[in-house]
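The values are calculated or read from the model by the stated rules, or taken from the named source; none is laboratory data. On a predicted model such as this, the values are computed, not experimentally measured, just so you know. Here the Cβ positions follow ideal geometry from the backbone for every residue, glycine too, while neighbour counts run over all protein chains shown.
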Amino acid sequence: MSLHKLRLAAAVPVTISTFSSRLFLKPFPNTLTLGLFSRRLQPRKPLLVRAFSASAAVQDIPANQTTVSSARRPQWKASIDFKWIRDNKEAVEINIKNRNSNADLDAVLELYENMVNLQKEVERLREERNNVAKKMKGKLEPSERDRLVEEGKYLKESLVSLEEDLVKLKDELQHVAQSIPNMTHPDVPVGGEDSSAIRKEVGCPREFNFPIKDHLQLGKDLDLIDFDSAAEVSGSKFFYLKNEAVLLEMALLNWTLSQVMKKGYTPLTTPEIVRSSIVEKCGFQPRGDNTQVYSIDGTDQCLIGTAEIPLGGIHMDSILLESALPLKYIAFSHCFRTEAGAAGAATKGLYRVHQFSKAEMFVICRPEDSEFFHHELIQIEEDLFTSLGLHFKTLDMATADLGAPAYRKFDIEAWMPGFGRFGEISSASNCTDYQSRRLGIRYRPSEPLQTGPNKGKANLPATKFVHTLNATACAVPRMMVCLLENYQQEDGSVVIPEPLRPFMGGIELIKPKLK
Amino acid sequence: MSLHKLRLAAAVPVTISTFSSRLFLKPFPNTLTLGLFSRRLQPRKPLLVRAFSASAAVQDIPANQTTVSSVARRPQWKASIDFKWIRDNKEAVEINIKNRNSNADLDAVLELYENMVNLQKEVERLREERNNVAKKMKGKLEPSERDRLVEEGKYLKESLVSLEEDLVKLKDELQHVAQSIPNMTHPDVPVGGEDSSAIRKEVGCPREFNFPIKDHLQLGKDLDLIDFDSAAEVSGSKFFYLKNEAVLLEMALLNWTLSQVMKKGYTPLTTPEIVRSSIVEKCGFQPRGDNTQVYSIDGTDQCLIGTAEIPLGGIHMDSILLESALPLKYIAFSHCFRTEAGAAGAATKGLYRVHQFSKAEMFVICRPEDSEFFHHELIQIEEDLFTSLGLHFKTLDMATADLGAPAYRKFDIEAWMPGFGRFGEISSASNCTDYQSRRLGIRYRPSEPLQTGPNKGKANLPATKFVHTLNATACAVPRMMVCLLENYQQEDGSVVIPEPLRPFMGGIELIKPKLK
């Protein structure tokens, strides 16, 4: 009953201050909770945020935005292991600091403590109420009965009110705790972007003995890319691909799919409109002024910024068989990003656009296998880009450059002659159980666990959270930047790398069109 | 100045009744306009609507929606509608509106146009009067005469400002009401409802199965090709994941279609899938309202495209093309997004009606005299493609009541879907003549000076003309999948891949049940 009431009430935003003042007005003399709630009057620090790309990572949300989101009831809950956090306070604290996160560990631990205490108090009251109820079953003096009726009524009211508080406390604990980033792999370099370690470097920058063009110029001269019409029809940073560029996109995707499928990955296409809760569960922020996410008007749906989101969602709220693991997917989708706040960043041409095609890999595996698959993913990426003859380096991204879900992230940056610098073309992250605890993806080990007493039903081993990993196989526009700029010839033509030719009807060269 | 004021005022909705009452309060005794505005007090009939697919065509918008979305809002753009032609061909237009089951209110359009012309004349007369007064004041005058002229000039100026405002509003309303007039219709199009559509061609015959058949949903599940269940959790109903060979089949369908259509001289394109809502309107679709097929982006004036026809129509918007550049023939690949509002009752099973799908769409921009030729080229390409895939289908010359407002003529292709036990639409080819180009502002300049009429252009340049636009489905992937899976299923549950697609699928000839 009281849960039902609360659910209705949740539609109306509840601010922290009204919440606390309600406690002060309670008749029940619960000094325990009163004192402990005091800290919660101060506005909370930002919640989880994750940008799609490290370079656009924003870890600070404006204060007003935070207020809005903390006032909202969480639509879902992450299975955060609060006990583990409490027992590893120092490690978590250091991790938050290393990752330059705004997570407020003290608040989390205090709220958790409050929650545990309040839970105990609720249990104590329930027992008392039961005792009173038991007593009333016997034969009683009328005055004694009246007293018990009064006490029972009082206990019931107190309980209803405390249970409501408990629900709200749990909600706030969720909000605050969701900002705690994943732990970090011990080998990840601590520090900012400059601290990222080079894992591997392939090739060297091509030397040109003629004045080079950037991909925008090549795209215009070869009639491959039309930004101008797209600006009229859609807005800036949209584009049409034309002529051989269309075939090149198709070839890149087809070739990538065929290569990655050889490694046992299942091909998928995905929905590009998803519920915003799925976006959140994957660790992205679908709302607020700085969001990278396009929302659909009048619904709770968003456009995906990466296929990682519908890939994460495909096994949501399910218990997989251990024998079904690993699940390895390669998905093709279009991706949509507002690129809010990216005005200052490298925004030229195809490098940063609102809509693009991407093939994304995704692995769901047992915890003990995720490091292995992280290396498989980066190896696949390196093999793909090596086959295309790109000059690139693989970076083990430093702690401050990791999004909240990543335990470790390898980025690949390729040489872009038109920019005269390296630019990110892919990213491979091991998210361990960060996403699976939000998406509710578990597996049931095949063998019963040897440790601990078997108290499950029919001796089934307890379920565990899977690990998830994601990695770019081919982000088409950035690959186009690399291919056009690196393979341009003095006569203005562009050579197609050999592996792609069979997927382009044998085209070897993009030649200037006769006008 | 007054224009500036009007532009600001346009942000605030202006209802018809306040508009009219302002006229009544005017001090200037303009009986002419007063009388003529009376009709406009009645609520307007719905404006242009076009569903993406004929079967979902809805020509009625609820009354409240009309009020909010159309009449009260200032048009953000104007169609170059040829009102004089409409007036001079009133009967033909009237019959056309009736045949097409349109709600367009021709009488209102003509009356508003008449009012507009008269008001324009009145404005011009007043301007002349004002100029006369100004001229008179340049000479030497008695003080009393000067005072009278100052007073008259002031009065004229005020009247003029007010009438000019009215003129702008009148033009806006004329636009709103006139935009609902559908394109004219090709004389060969059968008059009537869906049943009247004429069969143009029929290819093949239904395959006879000597085993119990499955529909594509069952095949998709058994062969692990389509996942609607996960998509329902992640996105909502009518979304889907494609898996395994289905992904390769989609790629193969698109690659093969592109390669075939490019051979006919069509330029391949990929397009933006988020566009300004004005482009959607200019192509003849309705991006707003309860019944809209269009997903809008929150907090912007952008929408998701329901078909690549929209960004294709927009690519040459507001431009004057060289005649020598025509025809422009495009084949575009895009994802398409549709709310499918109100489609609950329609055939909604499985892949037949979904919120998001891949499509290759052809689009032609040509001279008016060539559009009929290209309409036949487009339907021929479609027929050739589907024949190559071995489908059983029929081509229909769609009857008048089944045409969306932009189409002058529309050929639909319906293919046999054994799982449904009926024909289902798989493509559509429309000649929109100048309906879209008059909205999108796509003109061309003839190479040769026109022989008729006096050359009053600059440097003897021939006058520009509106191009004709045509659009046609080359491959709507999910409906093709319905056809291929259901028609090519085998008794053992496998599905044969049609030969033309095999080279585009790495040589796969058969989709076999997976070993579990």
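Quick rundown of the values:
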| read-out | value |
| --- | --- |
| Complete set of residues in segment A:211-247 that are in a loop (DSSP other than H, G, I, E, B) and β-branched (V, I, T) | A:I212 |
| Of all residues in segment B:463-498 being surrounded by fewer than 24 Cβ atoms within 10 Å (Cβ to Cβ) and more than 20 Å from B:P418 (Cβ to Cβ), the one that is modelled with the lowest pLDDT | B:A463 |
| Matching entry among B:E382, B:E372, B:E414 (being away from chain A (no Cβ under 14 Å), of a type in the set (D, E, K, R) and outside any helix (DSSP H, G or I)) | B:E414 |
| Selection count where residues are over 28 Å from B:Q76 (Cα atoms) and of a type in the set (D, E, K, R), scope segment B:241-300 | 5 |
| Yes/no for B:D195 being assigned to a helix (DSSP H, G or I) and either at pLDDT 95 or above or surrounded by fewer than 17 Cβ atoms within 10 Å (Cβ to Cβ) (or both) | yes |
| Among (1) away from chain B (no Cβ under 13 Å); (2) out of contact with any His (no Cβ under 7 Å at 6 or more places or on another chain), the one test that A:L469 misses | (2) |
| Residues of segment B:117-169 that turn out to be farther than 30 Å from B:D82 by Cα and in a helix (DSSP H, G or I), as a count | 26 |
| When residues of segment B:233-249 are limited to those that are within 7 Å of chain A (Cβ to nearest Cβ) and touching a Ser or Thr at 6+ places or on another chain (Cβ under 8 Å), the one farthest from B:E340 (Cα to Cα) | B:N244 |
| Unique residue being farther than 26 Å from A:V92 by Cβ, of a type in the set (G, A, S) and surrounded by fewer than 18 Cβ atoms within 10 Å (Cβ to Cβ) when the list is A:S158, A:S143 | A:S143 |
| In segment A:226-274, the residues that are touching a Pro at 6+ places or on another chain (Cβ under 6 Å), farther than 22 Å from A:L377 by Cα and not β-branched (V, I, T) | A:A230, A:S234, A:F238, A:P271 |
| Some residue of segment A:345-363 being within 19 Å of A:M480 (Cβ to Cβ), touching a His at 6+ places or on another chain (Cβ under 8 Å), among the aliphatic types (A, V, I, L, M) and assigned to a helix (DSSP H, G or I) | yes |
| Single condition A:C204 does not satisfy, out of (1) of a type outside the set (K, R); (2) within 30 Å of A:A406 (Cβ to Cβ); (3) exposed (fewer than 15 other Cβ atoms within 10 Å of the Cβ); (4) in contact with a Lys or Arg (Cβ under 9 Å, 6 or more places away or on another chain) | (4) |
| Long-range neighbours under 7 Å by Cβ, at least six apart or interchain, first residue in contact (Cβ under 8 Å) with a residue 24 or more places away in the chain and closer than 18 Å to A:V279 by Cα within segment A:75-86, second outside any loop (DSSP other than H, G, I, E, B) and among the polar types (S, T, N, Q) | A:Q75/A:S277; A:W76/A:S277; A:K77/A:Q174; A:A78/A:Q174 |
| Restricting segment A:250-267 to residues that are facing chain B (nearest Cβ under 7 Å) and in contact with a strand residue (DSSP E or B) (Cβ under 7 Å, 6 or more places away or on another chain), the residue that is nearest to B:T270 (Cα to Cα) | A:P267 |
| Of the criteria (1) within 11 Å of chain A (Cβ to nearest Cβ); (2) more than 30 Å from A:D226 (Cβ to Cβ), which one B:N210 fails | (1) |
| Test for B:H335: is it part of a loop (DSSP other than H, G, I, E, B), surrounded by 17 or more Cβ atoms within 10 Å (Cβ to Cβ) and within 9 Å of another protein chain (Cβ to nearest Cβ) | no |
| Unique match (being farther than 30 Å from B:S102 by Cα, of a type outside the set (V, I, T) and surrounded by 13 or more Cβ atoms within 10 Å (Cβ to Cβ)) among B:L119, B:L170, B:L126, B:L174 | B:L126 |
| Filtered residues of segment A:295-325 (kept if of a type in the set (S, T, N, Q), in a loop (DSSP other than H, G, I, E, B) and within 9 Å of another protein chain (Cβ to nearest Cβ)) | A:T299 |
| Residue satisfying all of: in segment A:276-294; part of a loop (DSSP other than H, G, I, E, B) and hydroxyl-bearing (S, T, Y); farthest from A:N182 (Cα to Cα) among these | A:Y294 |
| Check on B:N183, among the polar types (S, T, N, Q) and more than 14 Å from chain A (Cβ to nearest Cβ) | yes |
| Out of A:E141, A:E201, A:E151, sole residue that is more than 21 Å from A:Y112 (Cβ to Cβ) and under 36 Å from the mean Cα position of the chain (by Cα) | A:E201 |
| Test set (1) without any contact (Cβ under 8 Å) to a residue 12 or more places away in the chain; (2) in contact with a helix residue (DSSP H, G or I) (Cβ under 8 Å, 6 or more places away or on another chain) - A:D383 fails condition number | (1) |
| Scan of segment A:275-294 for residues that are within 11 Å of chain B (Cβ to nearest Cβ) and either out of contact with any Pro (no Cβ under 6 Å at 6 or more places or on another chain) or hydroxyl-bearing (S, T, Y) (or both), ordered by number | A:R275, A:S276, A:S277, A:I278, A:K281, A:C282, A:P286, A:R287, A:D289, A:T291, A:Y294 |
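Table: residues versus (1) over 29 Å from B:V109 (Cα atoms); (2) not charged (D, E, K, R).
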site	(1), (2)
B:P143	yes, yes
B:R148	yes, no
B:K154	yes, no
B:P187	no, yes
B:P190	no, yes
B:D215	yes, no
B:D224	yes, no
B:S230	yes, yes
B:V234	yes, yes
